[in-house]
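Bear in mind that the values in this text are calculations on the coordinates, not laboratory data. Owing to the predicted nature of the structure, the values given are computational and were not obtained by experimental measurement. Heads up, the Cβs are rebuilt from the backbone with ideal geometry, glycines too, and the neighbour counts pull from every protein chain shown.
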Amino acid sequence: MLYRTWSSLPITTSALGFGCMRFKTVDKKVDEELATKLLHEAYHRGVNYFDTAYVYLDGQSEPVLGRAMKDFDRSTFHIATKYSLWNLTDPEEISHVIDRQLANLQTDYIDFYLIHAVNNERMQKMLDLKLLDVVKKWKEQGKIRYIGFSFHDDYPTFKKMLDCYPWDFCQIQFNYVDKDIQQGLEGYRDLVNRNIPIIVMEPLKGGSLAHFNETIEKQFKAKSEDSMVKWAFRWVSSLPNVMVALSGMNEECQLQENLEIYDHFQEMTEEEYGFVEEMSKKFKELEVVGCTGCQYCMPCPFGVHIPDNFSIINEHSMYQNDRSARWNYGYLESLKGDASVCVACGACLEKCPQKIDIPNRLIDFANLMKEIRSK
Ligand code: SF4
Ligand code: SF4
């Protein structure tokens, strides 16, 4: 196992972290036998960073992790968990949350404590409720050791959040195709300049980087026999300041593949970084609709979520991930905003600065979805 020693804190973590958000479920209940088996195997093979959250899997993730790890020497592994602000209705609740989390995790302390999935609105809520004062008190009491945040919003919000507190660490979504969204590369560089250790979530973009458009995948294969998963992990874990890359492992084969990569880790060379950059540009060229997501076409009088439909088409063209397209399209259907709702009234056409033939592209997409669903 590859380990990283943190320059700013007296700790060493495995470069591969176990994300506990995706344990397999049966009838909405975590398959605890499988989850425990995978957690134990990861621990015995050297993984010492386990990431969960109060809200994951409807509150089942923390207790499952707690039960699985309770017999191991607590000093041999690190637990990261999160405070999920959006569930907070009564500010009085705040002081009780940590004790519930400690009980769930069957531990006296949490190593890494994060303000969960920060966006602009949640940052404001955090400031209004003076949440950081509460969390600092928990640190003084020894209930938590290090304070950080995980992030999902734009770069200006990220900058403001960085200035709120001298963070011990930070968790960001980062991979070689997501360098321009959320905090992006600029936010990553800010963390490096401030010497804030980084935990990366979604290094595989929720599994999308494991399955590619055939044209691109062939070019990767021509370069080396490495799997797409390996390319993605090597890209992230060779970057300065990245201490842990999280993977939500819920199958034996995933765990084995990831362990193999980090047992024989090869740092990515400058030349390889150049190659991946080139591939990622080609990858972006696969977008089938040049929608920038500007929203000028919205609202559609019939309720179509125009840019969200185009985002699904583009993602499908790039990753060819049918499962993800089905899931995302199903979500738009539940909102009655999917492409099939379009009646081709044309009201949006004039508003699109990209001159996209919106109704016809939506018809194409609705047909494509029929095809994907019939597979
Ligand atoms: S053409 Fe379709 S998407 Fe555009 S405004 Fe009319 S119904 Fe909405
Ligand atoms: S106006 Fe055009 S580019 Fe902007 S979101 Fe709508 S379809 Fe996309």
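The table for this structure:
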quantity	calculated
The chain: most fluctuating residue of I358, I196, I98 per GNM, C-alpha cutoff 10 Å	I358
Average projection area in nm² (convex hull over Cα atoms of the chain, one quarter of hull surface)	19.7 nm²
Order of M69, M268 - criterion: other Cβ atoms within 10 Å of each residue's Cβ, fewest first	M268, M69
Pairwise label distance in nanometres, K223 with S374, each label 7 Å out on the Cα-Cβ vector	3.7 nm
Equivalent-ellipsoid semi-axes of region 306-374, from the Cα gyration tensor, Å, largest first	21, 13, 10
Tilt relative to the chain, helix 228-237 - C-alpha long axis, 0 to 90 degrees, to 10	50 degrees
Proxy reagent accessibility, fewest Cβ within 10 Å first, across L129, L362	L129, L362
Intensity falloff of region 181-337 expressed as log10 I(q)/I(0), Debye formula with alpha-carbon point scatterers, at q = 0.09, 0.15 Å⁻¹	-0.37, -0.97
Likely footprinting exposure, D27, D308, fewest C-beta neighbours within 10 Å first	D27, D308
In region 210-306, GluC sites (Glu not before Pro) in a DSSP loop with at most 10 other beta-carbon atoms within 10 Å	E225, E267
Using alpha-carbon coordinates, inclination of helix 214-223 to the longest axis of the chain, degrees	50 degrees
Between 0 and 90°, nearest 10: helix 270-285 axis offset from the chain longest Cα axis	40 degrees
Shape of region 1-129, Cα gyration tensor, a/c cut at 1.5	oblate
Computed [θ] at 222 nm, deg cm²/dmol, the chain (DSSP H ≥ 4; -39,500 (n - 2.57); rounded to nearest 500)	-13500 deg cm²/dmol
Orphan Cys of the chain, criterion: no other Cys C-beta under 4.7 Å	C20, C164, C170, C253, C291, C294, C300, C342, C345, C352
Over 27 Å (Cα to Cα) - which of K24/K230; K125/K159; K159/K355 fall in this group	K159/K355
Low-density loop cleavage sites - trypsin sites (Lys or Arg not before Pro) in region 1-106, where at most 10 other Cβ are within 10 Å (DSSP)	K28
